[in-house]
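The values are calculated or read from the model by the stated rules, or taken from the named source; none is laboratory data. If you're wondering where the values come from, they're calculated on a predicted model, not measured in any experiment. Here the Cβ positions follow ideal geometry from the backbone for every residue, glycine too, while neighbour counts run over all protein chains shown.
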Amino acid sequence: MSNIDLSVKIGKLHLKNPVLLASGTVGYGNEISNFTDLSKLGGIVTKSLSLKPRKGNPPQRIVETPSGMLNAIGLANVGVEVFIKEKIPFLKELNTTIICNIAASSIEEYVECTKILTPIDTINAFEINVSCPNVSEGGLIFGNDLNSVGRITEKVRAVTNKPLIIKLSPNVSKISDFAKIVKDEGGDAVSAINTLVGTAFDIWTRKPKIKNVTGGLSGPAIKPVALAKVLEIKLNIDIPIIGIGGIMNWNDTVEFMIAGASAVQIGTVNFINPNAGVEIIEGLYSYCNQCTIQNLSDVIGSYQL
């Protein structure tokens, strides 16, 4: 294994391997640290942060579905101030890349959060979650509006020199258009995809199983959709992609990289197997060994169409 290089680059961000823990599935890292060796991972994407603490949606807010799960957590988080005071000390001790995910309800809030967090050395990059409702404009989801995604990218880019990743929604007709505007406005990479919109009903009460009625669908059920979105971006826009959606093992990881992802995030699988990230890394070494691949980065975008 010693001669196999799993490292990848996402713009100017260097990862020792392509396996990241997805935002919202491992809290701020300490919650999962007793079950896996976080230092072996390529990085951790923190739970979404807003300027002030958020309680999120009332329960029930997670429901299991065939080959996946629905969640409507509502971006519950501790807020920037508590994050800096209570979470950064733990993250600082980890020998891995820390990507801070930011969610907001106005463009000004995205900018303010980024501005406050940029001077913190522990944070290596930002992932901007644009799948949030814009309260200033009556609840329009930022990520479904091309102009909003462009404005957020432009405004946040102006206040940080750290790598900027925009997490794209799949609930749009042409995701490559969104990747293009991210690149045009100075974004370094995109994460694709966020969850699909879904719902589920209890057939006896005839009520939604989730209090919020709809939630975000994740898990293996969305993998083919996510792969198609990653490929669409790769075929049309020259921008680094972090693949997300139903990745359960090293095979899935390789598949996403072939489709064009430079790295991946694992999410739903963490609830089933908290050590999945480390096992995926071991599998990637084995794959490279079997295929006589010295640099895993050679696999990125190696599809044969």
Exercise for the section: Please work out if L227 is over 15 Å from the mean Cα position of the chain (by Cα) and in a helix (DSSP H, G or I). Expected result: no
Exercise for the section: Among residues belonging to segment 283-305 that are of a type in the set (A, V, I, L, M, F, W, C) and more than 24 Å from the chain's Cα centre (by Cα), point out the one that is surrounded by the fewest Cβ atoms within 10 Å (Cβ to Cβ). Expected result: L305
Practice task
Scan segment 197-209 and give yes if some residue there is crowded, with 21+ Cβ neighbours inside 10 Å and either among the small types (G, A, S) or at pLDDT below 95 (or both), otherwise no.
Solution key: no
Exercise for the section: Kindly establish whether T160 is of a type in the set (S, T, Y), farther than 25 Å from L117 by Cα and either buried (at least 16 other Cβ atoms within 10 Å of the Cβ) or out of contact with any Lys or Arg (no Cβ under 9 Å at 6 or more places or on another chain) (or both). Expected result: no
Handout entry: One residue from I73, I102 being touching a strand residue (DSSP E or B) at 6+ places or on another chain (Cβ under 9 Å), aliphatic (A, V, I, L, M), under 18 Å from I165 (Cβ atoms) and buried (at least 18 other Cβ atoms within 10 Å of the Cβ)
Key = I102
Fill in the blank from the handout: Residue set E81, E127, E108, E86; condition surrounded by fewer than 17 Cβ atoms within 10 Å (Cβ to Cβ) and touching a Ser or Thr at 6+ places or on another chain (Cβ under 9 Å); output residue E108
Handout entry: Residue list for segment 232-245, restricted to those being crowded, with 22+ Cβ neighbours inside 10 Å, assigned to a helix (DSSP H, G or I) and among the hydrophobic types (A, V, I, L, M, F, W, C)
Key = I233
Practice task
Looking only at segment 29-43, decide whether some residue is aliphatic (A, V, I, L, M), under 18 Å from I128 (Cβ atoms), buried (at least 19 other Cβ atoms within 10 Å of the Cβ) and at pLDDT 95 or above.
Solution key: no
Handout entry: Boolean, D184 is closer than 17 Å to G11 by Cα, of a type outside the set (G, A, S) and either under 19 Å from the mean Cα position of the chain (by Cα) or at pLDDT 95 or above (or both)
Key = yes
Problem - Filter pass, S169 being under 22 Å from D238 (Cα atoms) and either aliphatic (A, V, I, L, M) or within 18 Å of the chain's Cα centre (by Cα) (or both) - result: yes
Problem - Residue check, I141 modelled with pLDDT of 95 or more and either in contact with a helix residue (DSSP H, G or I) (Cβ under 9 Å, 6 or more places away or on another chain) or farther than 14 Å from E185 by Cβ (or both) - result: no
Problem - Any hit, segment 222-235, residues being in contact (Cβ under 8 Å) with a residue 24 or more places away in the chain, in contact with a strand residue (DSSP E or B) (Cβ under 6 Å, 6 or more places away or on another chain) and not aliphatic (A, V, I, L, M) - result: yes
Problem - Lone unmet requirement of (1) β-branched (V, I, T); (2) within 18 Å of S173 (Cα to Cα); (3) in contact (Cβ under 8 Å) with a residue 60 or more places away in the chain; (4) in contact with a helix residue (DSSP H, G or I) (Cβ under 6 Å, 6 or more places away or on another chain) for V278 - result: (2)
Exercise for the section: Would you mention how many residues in segment 259-277 are part of a helix (DSSP H, G or I) and buried (at least 18 other Cβ atoms within 10 Å of the Cβ)? Expected result: 5
Practice task
Would you mind stating whether S176 is among the polar types (S, T, N, Q), surrounded by fewer than 22 Cβ atoms within 10 Å (Cβ to Cβ), outside any loop (DSSP other than H, G, I, E, B) and in contact (Cβ under 8 Å) with a residue 60 or more places away in the chain?
Solution key: yes
